[in-house]
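Q: My structure is below; once you've seen it, I'll send some questions.
We did not get these values from a lab; they are worked out from the coordinates using the rules stated. Here the structure is a predicted model, which is why all the values come from computation and not from measurement. Note that each Cβ is placed from the backbone with ideal geometry, even for glycine, and that neighbours are counted across all protein chains shown.
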Amino acid sequence: MSERDDKIDNIVKQIEEHDCKFLRCQFSDIHGIPKNVAVSLKKPSDVEDIIEDGVLFDGSSIDGFVDINQSDLALKPDITTFTPLPWRPDEKGACRFICDVYNTDGTPFEGDPRGVLKSSLKKASDRGYQFNMGPEPEFFVIDKDEEGNYVPADDAEYFDVEPLDQGTDIRKAIVLGLEKLNFNIEVSHHEVAPGQHEIDFKFDDALRTADAVVTFKQAIKALVDNLGYKVTFMPKPFFGINGSGMHCNQSLFKDGKNIFYDPDTETQLSQEALYFIGGLLKHAKALSSILSPTVNSYKRLVPGYEAPCYIAYGLKNRSTLLRIPASRGLGTRIECRSADPSCNPYLAFAVLLEAGLDGLDNKLDPGEPTEYSLFALTPDEIAERGIETLPTSLWEAYHALEQDEVVQNALGDYVYNQFYNIKRAEWDDYRIQVFNYEREKYLNI
């Protein structure tokens, strides 16, 4: 019996053990929002046909996929992603595969975000590299006040404990639920803003991590909903307090060694790490369209709230776009601080990888690290030092994407065109709106 057959047999046994009556075939749209087709299992062995044959679905109903005249697509399960869903009722429970999207002729669908990341990872693998990612997605637990407005569910601050932190029991329930999904949780804590939390899980190769981020967000929403609250991954849900980021910690391995680490340099960073940083800095403006992909994202990326605004790197410096955390050796990594949890992790990780590889290929020197607080400088002082700023709006970001062939090529022509058109329409829809702020400020003009 082959290794694949052993895995399928184990899946059948798990379905029997958990009495799963429904199998969700999950995939993501261009925004990273999970979608699924639920298949009723008459008997556990029915899963074998689904693994072999896949499941057809209407791709024209999915944002960024296909037109109605070419709507049929197929989902093919990745059998390594099977898991029961712990937030579903035990009776008539559900289980899940994450799937790749195919055309009906058996070729991969070029609009599948997971396929985009797999393509980028293959380019790296062909050169002997393994790209690892450790994300830190932040989120708010929110409630409604007496007037029906959404408000933070507690008044606690960074690392607070009970009684200020009312989220301790919530985080405990989340962590236990995530562990049932085989997450290796490293830390969980209250974040800076009221109602804001962070739960970090162990780094892994970028594909598994992207799968994990999608699962993480879906699971947290379901688990907290069962507790009577709501979770949002909106980057800036409330004015005047910090927004939510998803710092992306990247490392590149070859032959089991972290090539970003060099014990013989003053900083213990290798030349490869510096070139990789150079690539990320060069493409930072276009990367912003993928890492910070909503109108709301740019209300987080403003001075005064710990979010990066300036295209620079530093060692331990949290005011720069990129920083190098203190740990070295196998833990040496480059942290990108501009990404937020509204991004599609498949697309985000793909463009970060290819921007970094472009830095390696072209030996892009990032210059000296910035070791002072950029937040303490005036705009004129920033300009005098030759430091550029990140885009301040989605409009600026998608226009930067227009000019960056490396990031476009990472996405592929199909996804790039779909993404660009969707974001342009999103900006146009936003810019014609009239908000209460404007009426209050200008009504008597």
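Q: Taking every pair of alpha-carbon atoms in the range 221-379, give the share separated by more than 20 Å as a whole percent.
A: So the portion of pairs separated by more than 20 Å is 52 percent.
Q: Quick check: Cα centre of the range 355-369 to Cα centre of the range 374-440, how many Å?
A: 23 Å
Q: Just for the Cα atoms in the range 360-445, what are the lengths along the principal axes, largest first, rounded to whole Å?
A: Largest first, the range 360-445 extends 55, 42, 15 Å along its Cα principal axes.
Q: Tell me whether the range 287-445 comes out rounded, prolate or oblate; compute the Cα gyration tensor, take square roots of the eigenvalues as a ≥ b ≥ c, and use a/c under 1.5 as the rounded threshold.
A: oblate
Q: Going by how many other beta carbons lie within 10 Å of each one, how would you line up 372, 298, fewest first?
A: Ranked by crowding around the Cβ, least crowded first: 372, 298.
Q: With just the Cα atoms defining each centre, how far is the range 7-24 from the range 33-52? Give it in Å.
A: Computed from Cα coordinates, the inter-centre distance equals 10 Å.
Q: Connecting C-alpha atoms closer than 10 Å in a GNM of the chain, tell me which of 176, 223, 207 has the biggest fluctuation.
A: Highest fluctuation of the listed residues: 176.
Q: At residue 19 and residue 330, where each label point lies 7 Å from the Cα along Cα→Cβ, what is the point-to-point distance in nanometres?
A: 4.1 nm
Q: Another question, then. What distance in nm lies between label points placed 7 Å from Cα along the C-beta direction at residue 440 and residue 385?
A: Reported label-point gap for residue 440 and residue 385 is 3.4 nm.
Q: Could you tell me the relative contact order of the chain? Use alpha-carbon pairs under 8 Å, at least six residues apart, and round to a whole percent.
A: With pairs under 8 Å counted, the relative contact order is 14 percent.
Q: Okay, moving on. Report the percentage of all Cα-Cα pairs in the range 1-113 whose separation exceeds 24 Å, rounded to a whole percent.
A: 27 percent
Q: May I pose another question? How much mean residue ellipticity at 222 nm does the chain get from its helices, if each DSSP H run of length 4 or more adds -39500 (n - 2.57) and you divide by all residues, to the nearest 500 deg cm²/dmol?
A: -11000 deg cm²/dmol
Q: Further question on the same structure: After finding the eigenvalues of the alpha carbon gyration tensor for the range 379-424, what semi-axes result from the square roots of 5 times each, listed largest first in whole Å?
A: That gives 27, 12, 5 Å for the three semi-axes.
Q: Can you compute the modelled spin-label distance between residue 81 and residue 422, with each label point 7 Å from Cα toward Cβ, in nm?
A: 1.6 nm
Q: Would the range 267-361 count as rounded, prolate or oblate if I go by the C-alpha gyration tensor, calling it rounded below 1.5 in a/c and otherwise prolate when a/b exceeds b/c, oblate otherwise?
A: Oblate is the answer for the range 267-361, as a/c is 1.5 or above yet b/c matches or exceeds a/b.
Q: Would you mind calculating the gained length between residue 127 and residue 104 on full extension (0.36 nm times residue separation, minus the Cα-Cα distance), in nm to one decimal?
A: 5.2 nm
Q: Sticking with this one: Test of understanding: extend the Cα→C-beta vector of residue 205 to 7 Å, then name every residue of the range 117-139 with backbone N under 19 Å from that spot.
A: From the range 117-139, the list is 117-135.
Q: So, one more: Using only C-alpha atoms and all pairs of different ones, pull out the Kirkwood radius for the chain in Å with one decimal.
A: 23.1 Å
Q: Can you list residues whose amide H is under 5 Å from residue 315's amide H, if they're 5+ apart or on another chain and H is modeled 1.01 Å from N?
A: Placed amide hydrogens put 324, 370 under 5 Å from residue 315.
Q: Moving on. For the chain, modelled as a Gaussian network with Cα springs under 10 Å, which listed residue fluctuates most, 117, 274, 227?
A: Most flexible of the set in this elastic network: 227.
Q: Let me ask something additional. When Lys and Arg each count +1 and Asp and Glu each count -1, what net charge do the other residues less than 10 Å away from residue 296, Cβ to Cβ, add up to?
A: +2
Q: Now for a different question. Regarding the range 105-220, what's the average projected area of the Cα-atom convex hull, expressed in nm²?
A: Answer in nm², one decimal: 10.4.
Q: I need the fraction of alpha carbon pairs in the range 395-445 separated by more than 17 Å, rounded to a whole percent.
A: Here the long-distance tail beyond 17 Å is 49 percent of all Cα pairs in the range 395-445.
Q: Next up: Give, in nm to one decimal, the length gained when the segment between residue 182 and residue 254 is fully stretched (0.36 nm per residue of separation minus the Cα-Cα distance).
A: 23.3 nm
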